[in-house]
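Data block below; observations after.
What follows draws every value from the coordinates through simple rules; no lab data is involved. Quick caveat: nothing in here was measured; it's all calculated off a predicted structure. Positions of Cβ are backbone-derived with ideal geometry, glycine not excepted, and every protein chain shown enters the neighbour counts.
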Amino acid sequence: MATIKEIATLAGVSRGTVDRVLNHRGDVNPQTAEKILEIVRALDYKPNKAGIVLAAQKKNLKLGVVLLGIGNPFFDDVLSGVYEKARELDGYNCSVLIRQTEYSLDEQLSAIDDLLSEGISGLAISPYNDAAVREKINLLCERGIPVVTLNTDIENSRRLAYVGSHFYRSGETAAGLMHLMTQGQVYVGIVSGSQNILCHTERIAGFTHITASHPNIHIVETVNNNDDDRVSRRLTEKLLTDHPEINALYFTAGGVYGGCQAVEDSGKKSDITVITNDLVPTTREYMEKGLIAATICQQPFQQGVLPLTILFACLTTGEMPSVENNYVDVDIRIRENLHP
């Protein structure tokens, strides 16, 4: 089995340089780092995980988690996964610090800075889709602090991996369901969360792509509710008033409960096909009532567990995730398969 000393000799560098590359601590010329990684791959180097994890117990590692969507019940299940993994990591003297914010750029940047002041070694984040967050992620990576995005991604960043749904495919799936579950001319109102959250816009893009091949399906208007049920109720009510032809609704994010209340109030419950995402308690309630035709789920508990698993492995053993995009299953639920 290859050793760090042998890798250093072959690369013509010190063992300390090899160690910095393997543990992502930066300060190594990119060409030198790539040469070392090529040797590591060629020799199929495997670190002594037991020894490294034992050493990690002495480091008092801290992992940060930043989630969007205060008030969105979907994230309750994500947090359950985070807490479950945090309890496991506590046995390795690794603590997990959690921050949750509104859909606000300033709040997210402030939460990241707060965690940095606490001395985190790695960060799991559902990022606000803005250049300032991308720059912050890239800066962390340059400083040797690995970042894993979860639930939603951010384009062109240096994050280590992404854990979550393939949202474009999720939007395509919703469009396919809409085609199967409707007849005649279909006029769809889209109720989304935020234009600054990549997963929301990706779902709409996927939905639009598939509906373009079905000339009987027409997208009437798209509104954004910031995952707020009160806002969602008001906007959905206005959609149905301004566009009485709407006979289908696609909810790409939160705010489903408020939107469904507006459908009930309109008296058009039996005339509107509703497709949503996720299976929070209020969505389950409206599926059992027959108002929601189908919902598309994305394993939120796993989204809470896996990012911390990836970060801990990276920081303790140098193990990289086997794939960059860790997609969870697209899980379609209808009233008949709500319960296991």
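Let me know the shape class of segment 4-46, please: from the alpha-carbon gyration tensor, a ≥ b ≥ c as square roots of the eigenvalues, rounded when a/c is under 1.5, otherwise prolate if a/b is greater than b/c, or oblate. Taking the square roots of the gyration eigenvalues as a ≥ b ≥ c, segment 4-46 is rounded.
Across the chain, the relative contact order, built from alpha-carbon pairs under 8 Å that are at least six residues apart, equals 19 percent.
Can you bin segment 169-244 into rounded, prolate or oblate? Criterion: square roots of the alpha carbon gyration tensor eigenvalues sorted a ≥ b ≥ c, rounded for a/c under 1.5, prolate for a/b above b/c, oblate for the rest. It would help to have the intermediate numbers written out before the result.
Numbers: a/c = 2.34, a/b = 1.24, b/c = 1.89.
Taking the square roots of the gyration eigenvalues as a ≥ b ≥ c, segment 169-244 is oblate.
Pairs with C-alpha atoms separated by more than 31 Å, drawn from the list LYS59/LYS136; LYS85/LYS269; LYS46/LYS85; LYS35/LYS59, are LYS85/LYS269. Shape class for the chain, computed from the alpha carbon gyration tensor (a ≥ b ≥ c): prolate, with a/c not under 1.5 and a/b above b/c.
Taking packing as the residue-averaged number of other Cβ atoms within 10 angstrom, the listed peptides 263-273, 171-181, 107-117 run from highest to lowest as 171-181, 107-117, 263-273. Summarising the label geometry, the points placed 7 Å from Cα in the beta-carbon direction at ALA313 and LYS269 lie 4.7 nm from one another. One chain, two ends: SER322 and LEU105. Fully extended at 0.36 nm per residue, the span grows by 75.0 nm beyond their Cα-Cα distance. You can think of it this way: the chain between ASP44 and ALA212 has 55.7 nm of extra reach, that is 0.36 nm per residue less the Cα-Cα gap.
In sequence order, segment 219-233 has phi-based couplings of 8, 7, 6, 10, 10, 10, 10, 6, 6, 9, 5, 5, 5, 4, 4 Hz under the Karplus curve 6.51 cos²θ - 1.76 cosθ + 1.60, θ = phi - 60°, and Gly or Pro positions carry x. Where only DSSP H runs of four or more residues are counted, the chain gives -14500 deg cm²/dmol as its mean residue ellipticity at 222 nm, each run worth -39500 (n - 2.57). The angle between the Cα long axis of helix 131-142 and the longest principal axis of the Cα atoms of the chain comes to about 20 degrees, rounded to the nearest 10. Less than 15 Å from a label point 7 Å out along the Cα-to-Cβ axis of ILE98: which backbone N atoms in segment 275-319 qualify, by residue? It comes to 300-309, nothing else. In this structure, the amide hydrogen of VAL13, modeled 1.01 Å from its nitrogen in the peptide plane, lies closer than 5 angstrom to no residue at least 5 positions away or on a different chain. Segment 301-319 and segment 238-277 have Cα centres lying 39 Å from one another.
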